[in-house]
Amino acid sequence: MQRYFVSQEQFKGDTVEITGEDARHIAKVMRGKEGDTFIVSDGREREALVEIRSIDQGVVTTAVVEMLAMTQEPRVKVTIAQSLPKGDKMETVIQKCTEIGAAAFVPFLSERTIVQYDAKKEEKRIVRWSKIAKEAAEQSHRNRVPEVGFPIHWKKLLASFSAYDAVYFCYEKEHGLQLRDAVKPWIEKTGAAADQQVLLIVGPEGGFSEEECRAAEEAGAVSIGLGRRILRCETAGMVALACILYESGEMGGA
């Protein structure tokens, strides 16, 4: 069933008003008509099955048929910190990791980041990335849209580690500790308690320098490998995220 995210203000008692692109999508693409039903969520605490009552001048007015439980989110909240990759690879990371279950995205600039940072361009990128996250969350029936932050510098990312319960640093030169060996004991210790916050750090096309790895470990991160094969930067986050959620029981794991 089709799903749309709305603001908290759009929930008005037993009705929900939908405007903007979503209203146009309902009217023009879905060819919505009175009596059609779909799901709306405010991305925080309310989700409902609604029925169209009217479509008029770009506003779709719906009536709440049934309030729904918000049970689609992983218990463990994994934030993907991705060093800015070239081209549209960040869009792929956001789309696919949203589908898998990422809680948030933190783009950052590291030593080998090739992309030149431009604040004006980044504002447009954030709008596009946020739209991609919203659409992917709707398609995959998420209860919440992952937040996409503005790009930050490496040192600021290091300073943020204390806000997380666990920090994993994906390092292609790590041939000792592998992801499962690091995550499984942590899961057993914490019981994958609800709202545990995990930061998963993925580098750019050229990977991380040894100095960056050392700095990450000194700041509290655990350096982990992702197997014997070298993954592309846009693939690594997806693989690691899926593994963490599996081990936490999200996909029938431990």
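The values are calculated or read from the model by the stated rules, or taken from the named source; none is laboratory data. This one's a predicted model, so the numbers in the text were calculated from it and none came from an experiment. All Cβ positions, even for glycine, are placed from backbone atoms using ideal geometry, and neighbour counts span all protein chains on display. In case anyone asks, the SASA skips ligands and DNA or RNA and just uses the protein heavy atoms, side chains included. Shrake-Rupley method; radii C 1.70, N 1.55, O 1.52, S 1.80 Å.
How many of the residues in the stretch 139-152 are open to solvent by 20 Å² or more (accessible area, probe 1.4 Å) and not in a loop (DSSP other than H, G, I, E, B)?
Within the stretch 139-152, residues that are open to solvent by 20 Å² or more (accessible area, probe 1.4 Å) and not in a loop (DSSP other than H, G, I, E, B) number 3.
Pull out all pairs, ordered by first then second residue, where Cβ-Cβ is under 7 Å, the residues are six or more apart or on different chains, the first lies in the stretch 10-34 and is in contact (Cβ under 8 Å) with a residue 24 or more places away in the chain, and the second is of a type in the set (K, R).
Going by the 7 Å Cβ cut-off, the qualifying pairs are F11/R46.
Given the conditions (1) under 29 Å from A103 (Cα atoms); (2) open to solvent by less than 80 Å² (accessible area, probe 1.4 Å), which single one is not true for M30?
The failed condition is (2).
Go through V115, V183 for me and flag whichever is among the β-branched types (V, I, T) and under 15 Å from L241 (Cβ atoms).
V183
Could you grab me the full set of residues in the stretch 126-137 that are over 12 Å from the mean Cα position of the chain (by Cα) and in contact (Cβ under 8 Å) with a residue 12 or more places away in the chain?
Of everything in the stretch 126-137, those that are over 12 Å from the mean Cα position of the chain (by Cα) and in contact (Cβ under 8 Å) with a residue 12 or more places away in the chain turn out to be I126, R128.
Answer yes if at least one residue in the stretch 169-184 is polar (S, T, N, Q) and farther than 19 Å from G227 by Cβ, and no otherwise. Walk me through how you get there before you give the answer.
Narrowing the stretch 169-184 to residues polar (S, T, N, Q): 178.
With the extra rule that they be farther than 19 Å from G227 by Cβ, the set shrinks to none.
No: zero hits.
Name the single residue that is surrounded by the fewest Cβ atoms within 10 Å (Cβ to Cβ) among those in the stretch 215-254 being touching a strand residue (DSSP E or B) at 6+ places or on another chain (Cβ under 9 Å) and of a type in the set (D, E, K, R).
E217
Quick check on A166: is it under 21 Å from the mean Cα position of the chain (by Cα) and either open to solvent by less than 10 Å² (accessible area, probe 1.4 Å) or over 19 Å from K86 (Cα atoms) (or both)? Walk me through how you get there before you give the answer.
On the way: under 21 Å from the mean Cα position of the chain (by Cα): yes; either open to solvent by less than 10 Å² (accessible area, probe 1.4 Å) or over 19 Å from K86 (Cα atoms) (or both): yes.
So A166 passes the test.
Test each condition in (1) under 26 Å from T71 (Cα atoms); (2) surrounded by fewer than 18 Cβ atoms within 10 Å (Cβ to Cβ) for G20 and report the one that comes out false.
Condition (1) is where G20 drops out.
Just one of (1) open to solvent by less than 50 Å² (accessible area, probe 1.4 Å); (2) over 25 Å from A216 (Cα atoms); (3) at pLDDT 95 or above trips up I80, so point out which.
(2)
Residue by residue through the stretch 95-125, note down the ones that are crowded, with 16+ Cβ neighbours inside 10 Å, among the hydroxyl-bearing types (S, T, Y) and over 9 Å from the mean Cα position of the chain (by Cα).
S110, T113
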